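In what follows, a single structure is set out as C-alpha coordinates and then discussed.
The values are calculated or read from the model by the stated rules, or taken from the named source; none is laboratory data. Keep in mind the model is a prediction, meaning the values are calculated, not measured. With ideal geometry, Cβ positions are generated from the backbone for all residues, glycine too; neighbour counts draw on all protein chains shown.
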Amino acid sequence: MKVCIQDYIRKCDSCASRKPVLKQSSRAPLGNYNVGAPMERIAIDILGPLPKTRQGNRYCLVLTDCFSKWTDAYGIPDQEAATVAKIFVNEFVCKFGTPLQIHTDQGANFESKIFKGMCELLCIDKTRSTSFHPQSNGCVERFNRTLTNMLSMYCAKDQAVWDEYLPQVLLAYRSSVHSTTGFTPNFLTFGREVTLPLQAIIPMPSPAQDYATCKEDFVIDLQNRLQTVHELARKNLKNKVQYQKKYYDVKSKKRMFKVGQLVWLNDPTRKIGVCSKLSAKWKGPYIITKCMDDTTYIVKKTAKQMAKAYHVNRLPCK
(Lines give C-alpha, C1' and ligand atoms only; values in the text may rest on other atoms or scores of the structure.)
Protein backbone atom coordinates (compact mmCIF):
# COMPACT_ATOMS: atom_id res chain seq x y z
CA MET A 1 0.00 0.00 0.00
CA LYS A 2 2.87 2.40 0.76
CA VAL A 3 4.33 1.90 -2.72
CA CYS A 4 0.93 2.51 -4.33
CA ILE A 5 0.36 5.70 -2.31
CA GLN A 6 3.82 7.07 -3.18
CA ASP A 7 3.27 6.33 -6.85
CA TYR A 8 -0.15 8.01 -6.76
CA ILE A 9 1.24 11.16 -5.12
CA ARG A 10 4.18 11.24 -7.51
CA LYS A 11 1.79 11.28 -10.49
CA CYS A 12 -0.63 13.82 -9.00
CA ASP A 13 -0.66 16.97 -11.18
CA SER A 14 -2.03 19.17 -8.38
CA CYS A 15 0.79 18.16 -6.02
CA ALA A 16 3.50 18.42 -8.68
CA SER A 17 2.42 21.94 -9.66
CA ARG A 18 3.43 23.15 -6.18
CA LYS A 19 6.71 21.24 -5.89
CA PRO A 20 10.02 23.12 -5.94
CA VAL A 21 12.46 22.83 -8.85
CA LEU A 22 14.26 19.47 -8.83
CA LYS A 23 17.85 18.69 -9.87
CA GLN A 24 16.85 17.67 -13.38
CA SER A 25 15.42 21.17 -13.99
CA SER A 26 18.72 23.01 -13.46
CA ARG A 27 19.56 25.84 -15.81
CA ALA A 28 20.77 25.14 -19.32
CA PRO A 29 24.31 25.97 -20.53
CA LEU A 30 24.95 29.51 -21.68
CA GLY A 31 24.27 30.20 -25.34
CA ASN A 32 26.44 32.45 -27.52
CA TYR A 33 25.69 34.90 -30.30
CA ASN A 34 28.65 36.39 -32.16
CA VAL A 35 28.64 39.83 -33.82
CA GLY A 36 31.42 41.22 -35.95
CA ALA A 37 30.72 44.85 -36.82
CA PRO A 38 29.06 48.00 -35.41
CA MET A 39 25.31 48.32 -35.95
CA GLU A 40 25.05 44.70 -37.06
CA ARG A 41 22.76 43.69 -34.18
CA ILE A 42 20.87 46.14 -31.95
CA ALA A 43 19.20 45.14 -28.70
CA ILE A 44 16.17 47.20 -27.64
CA ASP A 45 14.31 47.34 -24.35
CA ILE A 46 12.06 49.70 -22.40
CA LEU A 47 13.01 50.73 -18.88
CA GLY A 48 10.19 51.76 -16.59
CA PRO A 49 7.81 52.89 -15.41
CA LEU A 50 9.89 55.63 -13.82
CA PRO A 51 8.77 58.79 -11.98
CA LYS A 52 6.94 61.12 -14.33
CA THR A 53 9.18 64.01 -15.36
CA ARG A 54 8.32 67.64 -16.10
CA GLN A 55 8.39 66.76 -19.81
CA GLY A 56 5.83 64.03 -19.17
CA ASN A 57 8.21 61.09 -19.68
CA ARG A 58 7.61 57.90 -17.71
CA TYR A 59 9.63 55.36 -19.69
CA CYS A 60 13.08 55.12 -21.21
CA LEU A 61 13.73 53.51 -24.59
CA VAL A 62 17.18 51.90 -24.47
CA LEU A 63 19.14 50.73 -27.54
CA THR A 64 22.50 48.94 -27.37
CA ASP A 65 24.83 47.90 -30.18
CA CYS A 66 25.92 44.35 -29.34
CA PHE A 67 29.37 44.82 -30.94
CA SER A 68 30.63 48.26 -29.96
CA LYS A 69 28.42 48.53 -26.82
CA TRP A 70 27.32 51.96 -28.04
CA THR A 71 24.14 52.78 -26.14
CA ASP A 72 21.43 55.36 -26.60
CA ALA A 73 18.47 56.10 -24.35
CA TYR A 74 15.43 58.33 -24.92
CA GLY A 75 12.76 59.47 -22.51
CA ILE A 76 9.25 58.66 -23.80
CA PRO A 77 5.80 59.44 -22.32
CA ASP A 78 4.38 55.96 -23.00
CA GLN A 79 5.45 52.62 -24.44
CA GLU A 80 2.97 52.48 -27.32
CA ALA A 81 4.20 50.88 -30.54
CA ALA A 82 3.79 54.09 -32.53
CA THR A 83 5.89 56.05 -30.01
CA VAL A 84 8.66 53.45 -29.96
CA ALA A 85 8.80 53.16 -33.76
CA LYS A 86 8.86 56.94 -34.22
CA ILE A 87 11.70 57.48 -31.75
CA PHE A 88 13.68 54.58 -33.22
CA VAL A 89 13.45 55.91 -36.78
CA ASN A 90 13.83 59.64 -36.10
CA GLU A 91 16.43 59.52 -33.33
CA PHE A 92 18.45 56.40 -34.10
CA VAL A 93 18.13 55.34 -37.74
CA CYS A 94 18.41 58.90 -39.04
CA LYS A 95 21.70 59.33 -37.16
CA PHE A 96 23.40 55.94 -37.41
CA GLY A 97 21.67 54.23 -40.31
CA THR A 98 19.65 51.03 -40.43
CA PRO A 99 20.93 48.06 -38.40
CA LEU A 100 20.90 44.60 -39.92
CA GLN A 101 19.10 42.99 -37.00
CA ILE A 102 17.01 44.00 -33.99
CA HIS A 103 16.57 41.85 -30.89
CA THR A 104 13.73 42.56 -28.45
CA ASP A 105 11.60 40.85 -25.86
CA GLN A 106 8.00 39.80 -26.49
CA GLY A 107 6.45 43.10 -25.39
CA ALA A 108 3.21 44.00 -27.16
CA ASN A 109 4.81 47.14 -28.59
CA PHE A 110 7.63 45.17 -30.24
CA GLU A 111 5.26 42.45 -31.49
CA SER A 112 2.74 44.92 -32.95
CA LYS A 113 1.99 45.29 -36.66
CA ILE A 114 3.41 48.83 -36.59
CA PHE A 115 6.83 47.77 -35.34
CA LYS A 116 6.99 44.66 -37.53
CA GLY A 117 5.92 46.71 -40.55
CA MET A 118 8.66 49.23 -39.84
CA CYS A 119 11.24 46.42 -39.73
CA GLU A 120 9.98 45.00 -43.04
CA LEU A 121 10.07 48.45 -44.64
CA LEU A 122 13.67 49.03 -43.53
CA CYS A 123 14.69 45.42 -44.33
CA ILE A 124 15.62 44.72 -40.70
CA ASP A 125 15.70 41.14 -39.44
CA LYS A 126 13.77 41.10 -36.15
CA THR A 127 14.42 38.46 -33.50
CA ARG A 128 12.92 38.10 -30.03
CA SER A 129 13.69 36.44 -26.74
CA THR A 130 11.52 33.79 -25.15
CA SER A 131 8.97 34.91 -22.55
CA PHE A 132 10.15 35.53 -18.97
CA HIS A 133 13.77 34.91 -19.94
CA PRO A 134 15.58 38.29 -20.00
CA GLN A 135 18.97 36.57 -20.10
CA SER A 136 18.60 36.13 -23.86
CA ASN A 137 18.57 39.93 -24.16
CA GLY A 138 21.27 40.36 -21.55
CA CYS A 139 23.26 43.00 -23.47
CA VAL A 140 20.64 45.70 -22.94
CA GLU A 141 19.22 44.25 -19.72
CA ARG A 142 22.61 44.57 -18.03
CA PHE A 143 22.94 48.17 -19.19
CA ASN A 144 19.53 48.98 -17.68
CA ARG A 145 20.97 48.21 -14.27
CA THR A 146 24.01 50.37 -14.98
CA LEU A 147 21.81 53.20 -16.23
CA THR A 148 19.54 53.16 -13.16
CA ASN A 149 22.60 53.14 -10.87
CA MET A 150 24.12 56.14 -12.66
CA LEU A 151 20.83 58.09 -12.76
CA SER A 152 20.23 57.47 -9.06
CA MET A 153 23.40 59.43 -8.26
CA TYR A 154 22.09 62.49 -10.09
CA CYS A 155 18.44 62.24 -9.05
CA ALA A 156 18.82 61.60 -5.35
CA LYS A 157 17.13 64.90 -4.45
CA ASP A 158 14.65 65.16 -7.32
CA GLN A 159 13.68 62.01 -9.22
CA ALA A 160 11.46 63.95 -11.61
CA VAL A 161 14.46 65.14 -13.64
CA TRP A 162 15.98 61.80 -14.62
CA ASP A 163 15.42 62.42 -18.35
CA GLU A 164 17.41 65.68 -18.19
CA TYR A 165 20.52 63.76 -17.08
CA LEU A 166 20.37 61.07 -19.76
CA PRO A 167 22.76 62.83 -22.22
CA GLN A 168 25.41 63.43 -19.54
CA VAL A 169 25.17 59.89 -18.20
CA LEU A 170 25.44 58.40 -21.68
CA LEU A 171 28.45 60.62 -22.47
CA ALA A 172 30.26 59.19 -19.45
CA TYR A 173 29.36 55.61 -20.37
CA ARG A 174 30.36 55.86 -24.04
CA SER A 175 33.73 57.43 -23.23
CA SER A 176 34.66 54.69 -20.73
CA VAL A 177 36.59 51.58 -21.72
CA HIS A 178 34.21 48.62 -21.84
CA SER A 179 35.41 45.54 -19.96
CA THR A 180 34.25 43.20 -22.74
CA THR A 181 35.75 44.85 -25.84
CA GLY A 182 38.71 46.64 -24.26
CA PHE A 183 37.81 49.88 -26.07
CA THR A 184 35.35 52.72 -25.57
CA PRO A 185 32.05 52.59 -27.49
CA ASN A 186 32.97 55.95 -29.03
CA PHE A 187 36.18 54.61 -30.55
CA LEU A 188 34.62 51.43 -31.96
CA THR A 189 31.75 53.43 -33.49
CA PHE A 190 33.51 56.56 -34.81
CA GLY A 191 37.17 55.52 -34.96
CA ARG A 192 38.22 58.24 -32.52
CA GLU A 193 37.73 59.36 -28.96
CA VAL A 194 35.45 62.32 -28.36
CA THR A 195 36.75 65.43 -26.63
CA LEU A 196 35.36 65.53 -23.12
CA PRO A 197 34.49 68.83 -21.39
CA LEU A 198 37.59 68.66 -19.18
CA GLN A 199 39.84 68.05 -22.19
CA ALA A 200 38.47 71.20 -23.83
CA ILE A 201 39.87 73.18 -20.89
CA ILE A 202 43.03 71.11 -20.33
CA PRO A 203 44.07 69.67 -23.73
CA MET A 204 45.44 66.14 -23.84
CA PRO A 205 49.10 65.78 -24.89
CA SER A 206 49.60 65.21 -28.62
CA PRO A 207 50.51 61.66 -29.67
CA ALA A 208 54.04 60.95 -30.81
CA GLN A 209 53.00 59.73 -34.27
CA ASP A 210 52.71 62.14 -37.18
CA TYR A 211 49.30 62.97 -38.54
CA ALA A 212 48.41 62.32 -42.15
CA THR A 213 49.36 65.20 -44.42
CA CYS A 214 46.58 64.79 -46.97
CA LYS A 215 42.98 63.66 -47.11
CA GLU A 216 43.77 60.40 -48.90
CA ASP A 217 46.37 59.43 -46.30
CA PHE A 218 43.97 60.33 -43.50
CA VAL A 219 41.21 58.15 -44.95
CA ILE A 220 43.56 55.19 -45.44
CA ASP A 221 44.98 55.62 -41.94
CA LEU A 222 41.48 55.77 -40.43
CA GLN A 223 40.37 52.66 -42.30
CA ASN A 224 43.44 50.74 -41.16
CA ARG A 225 42.97 51.79 -37.57
CA LEU A 226 39.29 50.82 -37.58
CA GLN A 227 40.09 47.46 -39.15
CA THR A 228 42.77 46.75 -36.54
CA VAL A 229 40.63 47.90 -33.63
CA HIS A 230 37.58 45.92 -34.80
CA GLU A 231 39.71 42.78 -35.11
CA LEU A 232 40.96 43.27 -31.56
CA ALA A 233 37.42 43.95 -30.33
CA ARG A 234 36.13 40.76 -31.98
CA LYS A 235 38.93 38.81 -30.35
CA ASN A 236 38.19 40.34 -26.95
CA LEU A 237 34.47 39.65 -27.35
CA LYS A 238 35.14 36.02 -28.20
CA ASN A 239 37.49 35.56 -25.23
CA LYS A 240 35.03 37.24 -22.87
CA VAL A 241 32.13 35.10 -24.07
CA GLN A 242 34.17 31.93 -23.60
CA TYR A 243 35.19 33.07 -20.11
CA GLN A 244 31.58 33.81 -19.10
CA LYS A 245 30.31 30.54 -20.56
CA LYS A 246 32.99 28.53 -18.76
CA TYR A 247 31.96 29.75 -15.31
CA TYR A 248 28.24 29.92 -16.06
CA ASP A 249 28.16 26.30 -17.23
CA VAL A 250 29.73 25.01 -13.99
CA LYS A 251 26.26 24.87 -12.43
CA SER A 252 24.46 24.13 -15.70
CA LYS A 253 23.24 20.90 -17.20
CA LYS A 254 22.30 20.25 -20.80
CA ARG A 255 18.82 18.74 -21.08
CA MET A 256 17.13 17.45 -24.21
CA PHE A 257 13.39 16.86 -24.64
CA LYS A 258 11.73 14.71 -27.26
CA VAL A 259 8.70 15.63 -29.34
CA GLY A 260 5.60 14.37 -27.54
CA GLN A 261 7.21 14.49 -24.09
CA LEU A 262 5.17 16.00 -21.22
CA VAL A 263 6.65 18.91 -19.28
CA TRP A 264 5.63 21.48 -16.71
CA LEU A 265 5.82 25.21 -17.43
CA ASN A 266 7.05 27.73 -14.89
CA ASP A 267 4.63 30.69 -14.84
CA PRO A 268 5.66 33.67 -12.64
CA THR A 269 2.73 35.85 -13.72
CA ARG A 270 0.39 37.15 -11.02
CA LYS A 271 -3.34 37.58 -11.36
CA ILE A 272 -5.24 40.42 -9.73
CA GLY A 273 -7.22 39.21 -6.73
CA VAL A 274 -5.32 35.89 -6.53
CA CYS A 275 -2.77 35.25 -3.78
CA SER A 276 0.48 34.13 -5.42
CA LYS A 277 1.58 32.25 -2.29
CA LEU A 278 -1.41 29.94 -2.57
CA SER A 279 -1.19 29.51 -6.34
CA ALA A 280 0.49 26.73 -8.27
CA LYS A 281 4.06 27.50 -9.33
CA TRP A 282 3.90 25.27 -12.41
CA LYS A 283 1.32 24.96 -15.15
CA GLY A 284 0.54 21.98 -17.30
CA PRO A 285 1.26 19.40 -18.22
CA TYR A 286 2.28 20.70 -21.66
CA ILE A 287 3.43 18.63 -24.61
CA ILE A 288 6.57 19.25 -26.67
CA THR A 289 5.61 19.77 -30.33
CA LYS A 290 8.91 20.98 -31.83
CA CYS A 291 12.56 21.53 -30.92
CA MET A 292 13.90 24.82 -32.31
CA ASP A 293 17.41 24.43 -30.84
CA ASP A 294 19.14 23.11 -27.72
CA THR A 295 17.46 25.65 -25.45
CA THR A 296 14.15 26.58 -27.12
CA TYR A 297 11.10 24.36 -27.49
CA ILE A 298 7.60 24.80 -28.92
CA VAL A 299 4.94 23.54 -26.50
CA LYS A 300 1.17 23.61 -26.16
CA LYS A 301 -1.33 22.33 -23.62
CA THR A 302 -4.17 21.15 -25.83
CA ALA A 303 -4.60 20.31 -29.51
CA LYS A 304 -6.63 23.50 -30.11
CA GLN A 305 -4.31 25.80 -28.17
CA MET A 306 -1.75 27.86 -30.08
CA ALA A 307 1.80 26.59 -29.57
CA LYS A 308 4.42 28.96 -28.10
CA ALA A 309 8.19 28.97 -27.73
CA TYR A 310 9.75 28.71 -24.25
CA HIS A 311 13.29 28.47 -22.91
CA VAL A 312 14.31 25.11 -21.48
CA ASN A 313 14.91 26.69 -18.05
CA ARG A 314 11.13 27.09 -17.70
CA LEU A 315 10.42 23.45 -18.58
CA PRO A 316 11.15 20.95 -15.79
CA CYS A 317 10.43 17.34 -16.62
CA LYS A 318 7.04 15.93 -15.61
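Anything in segment 122-134 that is assigned to a loop (DSSP other than H, G, I, E, B) and either among the acidic types (Asp, Glu) or more than 14 Å from residue 44 (Cβ to Cβ) (or both)? List them, or say none.
If we filter segment 122-134 for residues that are assigned to a loop (DSSP other than H, G, I, E, B), which is where we start, we get 122-124, 129-133.
123, 130, 131, 132, 133 - these are the residues of segment 122-134 that are assigned to a loop (DSSP other than H, G, I, E, B) and either among the acidic types (Asp, Glu) or more than 14 Å from residue 44 (Cβ to Cβ) (or both).
Among the residues of segment 91-104, are any within 27 Å of residue 30 (Cα to Cα), assigned by the TED database to the domain that holds residue 189 and of a type in the set (Gly, Ala, Ser)? Steps first, answer last, please.
Pass one, segment 91-104, residues within 27 Å of residue 30 (Cα to Cα): 99-104.
Those still in the list that are assigned by the TED database to the domain that holds residue 189 too: 99-104.
Going one step further and asking which of them are of a type in the set (Gly, Ala, Ser), we end up with none.
The answer is no; no qualifying residue exists.
Here is a yes/no grid of residues against (1) of a type outside the set (Asp, Glu); (2) free of Cβ contacts under 8 Å to residues at least 24 places away in the same chain; (3) part of a strand (DSSP E or B):
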residue: 49; (1), (2), (3): yes, yes, no
residue: 53; (1), (2), (3): yes, no, no
residue: 57; (1), (2), (3): yes, no, no
residue: 72; (1), (2), (3): no, no, yes
residue: 88; (1), (2), (3): yes, no, no
residue: 93; (1), (2), (3): yes, no, no
residue: 114; (1), (2), (3): yes, no, no
residue: 117; (1), (2), (3): yes, yes, no
residue: 120; (1), (2), (3): no, yes, no
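Does segment 249-264 include one or more residues that are under 23 Å from residue 15 (Cα atoms), in contact with a Ser or Thr (Cβ under 9 Å, 6 or more places away or on another chain) and not assigned by the TED database to the domain that holds residue 184?
Yes.
Quick one: which strands (runs of 3 or more DSSP E) lie wholly within segment 223-318 and hold at least 1 residues that are surrounded by 15 or more Cβ atoms within 10 Å (Cβ to Cβ), free of Cβ contacts under 8 Å to residues at least 60 places away in the same chain and not charged (D, E, K, R)?
Values: elements: 262-266, 282-291, 296-300, 308-311.
Because the criterion is at least 1 residues that are surrounded by 15 or more Cβ atoms within 10 Å (Cβ to Cβ), free of Cβ contacts under 8 Å to residues at least 60 places away in the same chain and not charged (D, E, K, R), the strands (runs of 3 or more DSSP E) in segment 223-318 that meet it are 262-266, 282-291, 296-300.
Take residue 139 and decide whether it is within 23 Å of residue 309 (Cβ to Cβ), in contact with a Cys (Cβ under 7 Å, 6 or more places away or on another chain) and surrounded by 14 or more Cβ atoms within 10 Å (Cβ to Cβ).
Numbers: within 23 Å of residue 309 (Cβ to Cβ): yes; in contact with a Cys (Cβ under 7 Å, 6 or more places away or on another chain): yes; surrounded by 14 or more Cβ atoms within 10 Å (Cβ to Cβ): yes.
Yes: the conditions hold for residue 139.
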Test for residue 55: is it over 30 Å from residue 239 (Cα atoms), out of contact with any helix residue (DSSP H, G or I) (no Cβ under 9 Å at 6 or more places or on another chain) and not small (Gly, Ala, Ser) = no
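Table: residues versus (1) touching a strand residue (DSSP E or B) at 6+ places or on another chain (Cβ under 7 Å); (2) farther than 15 Å from residue 140 by Cβ.
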{"residue": "9", "(1), (2)": "no, yes"}
{"residue": "13", "(1), (2)": "yes, yes"}
{"residue": "29", "(1), (2)": "no, yes"}
{"residue": "34", "(1), (2)": "no, yes"}
{"residue": "48", "(1), (2)": "yes, no"}
{"residue": "58", "(1), (2)": "no, yes"}
{"residue": "74", "(1), (2)": "yes, no"}
{"residue": "77", "(1), (2)": "no, yes"}
How about segment 233-279: which of its residues are farther than 24 Å from residue 135 by Cα and among the aliphatic types (A, V, I, L, M)?
-> 259, 262, 272, 274, 278
For segment 123-135, pairs from a residue that is on the phi > 0 side of the Ramachandran plot and aliphatic (A, V, I, L, M) to a residue that is modelled with pLDDT under 80 and assigned to a strand (DSSP E or B), with Cβ under 7 Å and 6 or more apart or across chains, are none
